[in-house]
Structure formats: C-alpha cells, structure tokens
1. Sticking with the crude label model, points 7 Å out along Cα→Cβ, report the distance from VAL141 to VAL73 in nm, one decimal please.
2. Carbon and sulfur together cover what percent of the accessible area of segment 1-65 at a 1.4 Å probe radius?
3. According to a simple spin-label model (label point 7 Å from Cα along Cα-to-Cβ), what is the distance in nm between PHE58 and GLU152?
4. With each pseudo-label sitting 7 Å past Cα toward Cβ, what's the ALA167-THR194 distance in nm, one decimal?
5. Estimate the FRET efficiency between LEU174 and ALA35 by the formula 1/(1 + (r/R0)^6), using the beta-carbon distance for r and 30 Å for R0, to the nearest 0.05.
6. Indicate the gyration tensor shape class of segment 1-70 (rounded, prolate or oblate), computed on the Cα atoms with a ≥ b ≥ c the square roots of the eigenvalues: a/c under 1.5 is rounded; otherwise a/b larger than b/c is prolate and the rest oblate.
7. Applying a 10 Å radius around every beta-carbon, put 53-59, 112-118 in order of their mean neighbour count, most first.
Amino acid sequence: MESLALAFSSGWASGINSYLVVLVLGMADRVGAFASIPDVLGRWDVLTVAGLMYAFEFVADKIPYVDSAWDVVSTAIRPLVGGVVGVLIAGDSTALNELVGGVVGGGSALASHSVKTGTRMAVNTVPEPFSNIGISVGEDVAVLAVVWFAVEHPYAAATVAAVLLVAGLVLLWLAWRTVRRGWLRFRAWRERRTGRGPSPDQPV
C-alpha cells in the first residue's frame with residue numbers, strides 16, 4: 001500500500017512536471033538510498049537527461065502560449081512517465097502488482113496534466129505574463145514538496161496530492177466559467193458597437 005500511495009503522489013506530480021519528479025526521486029535515491037525508490041532512477045544518465053529536459057521546461061513553462069504548446073506535446077509524455085514510475089515503484093514491492101502501480105501512476109498523471117493544461121489555457125487569456133510565471137513557479141514548488149514528502153510519508157503525501165487534484169479541478173471549472181462569461185460580454189459589447197444586437201436565442 002505504501003508503494004501504491006507513492007505511485008499516486010508521483011503520478012500526480014508527473015502530470016505537472018514529470019522531469020522534476022524523476023530528478024527528485026533520483027536524487028533522493030542517491031542521497032538517502034531509500035528502499036522505496038527504484039535504483040534505475042538514480043543513474044547518472046537518467047538524472048542528466050531529466051535535468052536537461054527540466055531546464056528546458058522551466059523556461060518554456062513560463063512563456064504565455066509557449067507553455068500551452070508544450071503542454072500539448074507533453075500530453076503523451078507526462079502520463080507515460082507517471083505510469084513508468086508507478087510500474088518501477090510497484091516492481092520493488094512484492095505486495096503490489098506492477099500493472100496496478102502503472103495504472104495508478106499514469107491515471108493520476110493524466111488527471112493532473114489535464115488540469116494543468118486547461119488552467120494554463122485559461123490563464124493565457126490574461127494579457128499580462130506575471131500570472132503565468134507565478135503559477136509555473138508554484139507548480140514547481142508543489143511538485144518538489146509533494147514528491148520529497150512522499151518519499152518518507154507516502155500516505156500523507158497521497159492525501160495532499162488527492163486534495164490538490166480536486167482543488168485543481170474546481171479551480172479549472174471556475175476559471176473556464178469566468179473566461180466564458182468574459183467572452184460572452186465582449187461579444188455582446190462588440191455587437192453593440194457595430195450596431196448589431198444579439199439575436200433572441202443568443203446568450204448575453
């Protein structure tokens with residue numbers, strides 16, 4: 001069950017920043033030699049590739065619209081990494097099937113990735129770039145904190161990840177409601193400016 005909790009937390013974090021997850025788990029294995037972390041994640045070649053990709057994503061993730069394009073590219077990558085990490089974690093446990101670990105890790109990664117992608121698209125409707133940068137930094141801090149916490153406290157970290165996932169879904173719903181209302185108001189204002197009122201069956 002501890003492996004399942006760690007797979008869930010790592011999967012949630014992978015949906016936001018999969019390369020940072022690999023870095024944190026790999027460095028934790030290097031520093032503390034935790035039994036719950038697969039040794040393959042601590043290999044220097046894995047850490048080097050993860051570090052280079054994280055450096056690229058760190059920059060791309062803070063540029064409006066570039067981040068959304070990168071999210072589209074990462075739609076296959078983040079859930080895959082979450083699933084692979086889940087399989088590796090479950091593979092080190094005799095009490096948990098690797099398939100279950102992969103499904104848990106990949107599923108939570110896909111859910112959090114969907115929340116991130118939708119939220120970023122909503123944030124990109126705001127003209128100033130500072131909101132985007134602030135959210136990106138906050139995501140990195142959350143991933144680092146949750147994964148590092150999950151290494152020693154998997155159950156508590158899984159609870160935190162679940163709460164953050166639900167909160168993200170609610171935030172995404174509220175953000176898109178706000179964007180939709182703003183768009184409808186803008187469309188009504190534009191039609192009044194051009195002398196064309198909205199049709200009777202058209203929402204305002």
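The values are calculated or read from the model by the stated rules, or taken from the named source; none is laboratory data. As the structure is a computational prediction, the values presented were derived from the model and not from experiment. Reconstructed Cβ throughout: ideal geometry from the backbone, glycine too, with neighbour counts over all protein chains shown. Ligands, DNA and RNA are stripped out before the accessible areas are found, and what is left, the full protein with its side chains, is counted by its heavy atoms. Shrake-Rupley method; radii C 1.70, N 1.55, O 1.52, S 1.80 Å.
1. 2.7
2. About 74 percent, which is the carbon plus sulfur part of the accessible surface.
3. Placing both labels 7 Å beyond Cα along the Cβ direction yields 2.4 nm.
4. The two pseudo-label positions are separated by 4.2 nm.
5. Plugging the Cβ-Cβ distance into 1/(1 + (r/R0)^6) gives 0.15.
6. oblate
7. Packing proxy ranking, top to bottom: 112-118, 53-59.
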